[in-house]
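Just below is one structure, and these are the notes that go with it.
The values are calculated or read from the model by the stated rules, or taken from the named source; none is laboratory data. In this text, all values refer to a predicted model and were calculated from it rather than measured experimentally. Virtual Cβ from ideal backbone geometry, glycine too; neighbours counted across all protein chains shown.
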Amino acid sequence: MVTNQERHAPGPLYFDNAAATALAPEVLVRMVAHLQGVDANPSSTAHWLGQRAAAVVGAARAEIAAEFGCESDEVIFTSGATEANNLALQGVARAHVDQGRHLIVSAIEHQSVLACCAALERDGFEITRLPPNRAGWIEPETVRQAVRTDTLLISIQHINNETGVMQPIDEMAALASEVGMLLHVDAAQSAGKFAIDLEKTPIDLLALSAHKFHGPKGIGCLIVRNRRQLRLQPLMYGGGQEFGLRPGTLPTHQIIGLSRALTLAARRRETDLAWVAQLKRQFLEQLAAHLTYRVHGDPARSSPYIVNLSIDGIGSDALINQLAPDLAIASGSACASGTVEPSAVLRTMGVEGDALNGAVRVSFSRYQTVDEVSAAVNSIVAAVQRMRALTSTAMQTTTPQSPRRSS
Ligand code: PMP
């Protein structure tokens, strides 16, 4: 088997899979095979090559729909979850402005939801942002209390990208149905990895990105249940592709990549889940043998793909810098990196002080090995020892010395 490291070699060990995963070899083969032939425009159905491309897109759409238990024509291809989240929120809000101007979101959504809400707010919409409890999840009762007669949509992510905490999405869906509200779910961190059956769980809008489950970057989709009935205003205007909801020439090879990665993830789901759960356990146990740390978010509700923790007395930026040659991990979410602001997600969960400033995210993938996990732990332990040694040397040199006697 090609290990995670060989996929990312050369370079440090890669433990930032919540930001992006390696392309699965099975997916790469299919994408390359497609790109080697004539790659006609799937909208050019006047000729056979265009019809063949349209059939490829149709098959991919059906494959994705089968995985989620929805209709093929409810799958709208986008550039990823960011665009899908924007299409869902802005699309619903702007198309239903005659019915209300209020949206409910969790305060721990990804920036693609929160920044979109801020833009809607500037356009006169009202947003209620619900804080999580200390364990990192939104209690359905807080959603119920926030619902108003002019509420248009509730948006709750499935799995938080920083903590890995899973939101009670089945209860949210039941609640949204009960109160007659639309529910949007950002499933970027769960799609492929966890089963989502829209026949059983009534979610109206579901967003995902292929590169989170070993598909290519730059492709995802928004699933729009009951698309024919649900009014949605497009973000862009153009050639009428995707039922008029997302114009632009469809990237056939990317769409093949998305559907193959999803089918592969579904086929291997239980094996992958068991494997990453074992790796995460190993990581935490081996780390505990050397260091004291605190895990953020309810471990009982946490995805085995992600762990967020702080090591006693160690700041996240300094640790990540120390680790840089050997190990790639994240502080907060990748999209917010580059800023030195501590995680807003952890802050809303009541994490503060050193624990907040020290939080790092380690995220796993199906391709990682036991040896890579041990090597990651060794790198962290060595980095922390170096940092502590530097701190104690610095303290010794700054300790006032007894005055020297001149001889
Ligand atoms: N939502 C969540 C929860 C995510 O983790 C991400 C990716 N970091 C996104 C949305 C955005 O996905 P993309 O960058 O592929 O559009």
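Within the range 239-295, can you find the residues that are β-branched (Val, Ile, Thr) and out of contact with any helix residue (DSSP H, G or I) (no Cβ under 7 Å at 6 or more places or on another chain)? So that I can check it myself, show each step before the final result.
Step one: of the range 239-295, the residues β-branched (Val, Ile, Thr) are 249, 252, 255-256, 263, 271, 276, 292, 295.
Scanning the range 239-295 gives Thr249, Thr271, Val276, Thr292, Val295.
Among (1) more than 16 Å from the ligand (Cβ to nearest atom); (2) within 25 Å of His110 (Cα to Cα); (3) crowded, with 24+ Cβ neighbours inside 10 Å, there is one condition Ile256 misses while meeting the rest; what is its number?
All conditions are met except number (2).
For the range 194-201, indicate whether the set of residues that are away from the ligand (no atom under 16 Å from the Cβ), charged (D, E, K, R) and assigned to a helix (DSSP H, G or I) is non-empty.
Step one: filter the range 194-201 for residues away from the ligand (no atom under 16 Å from the Cβ), giving 195, 197-201.
Imposing the further condition that a residue be charged (D, E, K, R) reduces the set to 197, 199-200.
Next cut, assigned to a helix (DSSP H, G or I) only: none.
Checking the range 194-201: not a single residue is away from the ligand (no atom under 16 Å from the Cβ), charged (D, E, K, R) and assigned to a helix (DSSP H, G or I).
Looking only at the range 173-190, count every residue that is under 19 Å from the mean Cα position of the chain (by Cα) and farther than 21 Å from Pro304 by Cβ and tell me the total.
Let us first name the residues in the range 173-190 that are under 19 Å from the mean Cα position of the chain (by Cα), namely 183-190.
Still in the list and also farther than 21 Å from Pro304 by Cβ: 183-184.
So the answer is 2.
Please enumerate the residues belonging to the range 209-252 that are more than 15 Å from the ligand (Cβ to nearest atom), within 30 Å of Arg268 (Cβ to Cβ) and in contact with a Leu (Cβ under 7 Å, 6 or more places away or on another chain).
Hits for the range 209-252 are Val224, Arg225.
Sort through Ala355, Ala330 and tell me the only one that's within 30 Å of Arg129 (Cβ to Cβ), in contact (Cβ under 8 Å) with a residue 60 or more places away in the chain, surrounded by 23 or more Cβ atoms within 10 Å (Cβ to Cβ) and among the small types (Gly, Ala, Ser).
Details: Ala355 fails: surrounded by 23 or more Cβ atoms within 10 Å (Cβ to Cβ).
Matching residue, one of Ala355, Ala330: Ala330.
Evaluate the following for Gln111: is it crowded, with 19+ Cβ neighbours inside 10 Å and either assigned by TED's automatic domain parsing to the domain that holds Met236 or touching a residue at least 60 places away in the same chain (Cβ under 8 Å) (or both)? Break it down into steps so the answer makes sense when it comes.
On the way: crowded, with 19+ Cβ neighbours inside 10 Å: no; either assigned by TED's automatic domain parsing to the domain that holds Met236 or touching a residue at least 60 places away in the same chain (Cβ under 8 Å) (or both): yes.
No; evaluated as a whole, the condition is false for this residue.
Given the criteria within 16 Å of the ligand (Cβ to nearest atom) and surrounded by fewer than 21 Cβ atoms within 10 Å (Cβ to Cβ), does Leu206 qualify?
Details: within 16 Å of the ligand (Cβ to nearest atom): yes; surrounded by fewer than 21 Cβ atoms within 10 Å (Cβ to Cβ): no.
No, not satisfied.
So is Leu103 of a type outside the set (Val, Ile, Thr) and surrounded by fewer than 21 Cβ atoms within 10 Å (Cβ to Cβ) or not? Even if it seems obvious, please write down each step before you answer.
On the way: of a type outside the set (Val, Ile, Thr): yes; surrounded by fewer than 21 Cβ atoms within 10 Å (Cβ to Cβ): no.
Here the answer is no, as Leu103 does not meet what is asked.
Report yes if some residue within the range 226-249 is on the phi > 0 side of the Ramachandran plot, surrounded by 15 or more Cβ atoms within 10 Å (Cβ to Cβ) and assigned to a loop (DSSP other than H, G, I, E, B); otherwise report no.
No, that holds for no residue.
Among (1) under 30 Å from Met387 (Cβ atoms); (2) at pLDDT 95 or above, there is one condition Ala265 misses while meeting the rest; what is its number?
Result: Ala265 fails condition (1) only.
Can you confirm whether the range 298-312 contains a residue that is on the phi > 0 side of the Ramachandran plot and within 16 Å of the ligand (Cβ to nearest atom)?
Taking the range 298-312 first, the residues on the phi > 0 side of the Ramachandran plot are none.
Within the range 298-312, not a single residue is on the phi > 0 side of the Ramachandran plot and within 16 Å of the ligand (Cβ to nearest atom).
If we keep just the residues of the range 141-187 that are farther than 26 Å from Arg347 by Cα, of a type outside the set (A, V, I, L, M) and not in a helix (DSSP H, G or I), which is farthest from the ligand (Cβ to nearest atom)?
If we take residues in the range 141-187 being farther than 26 Å from Arg347 by Cα, of a type outside the set (A, V, I, L, M) and not in a helix (DSSP H, G or I), then Thr149 is farthest from the ligand (Cβ to nearest atom).
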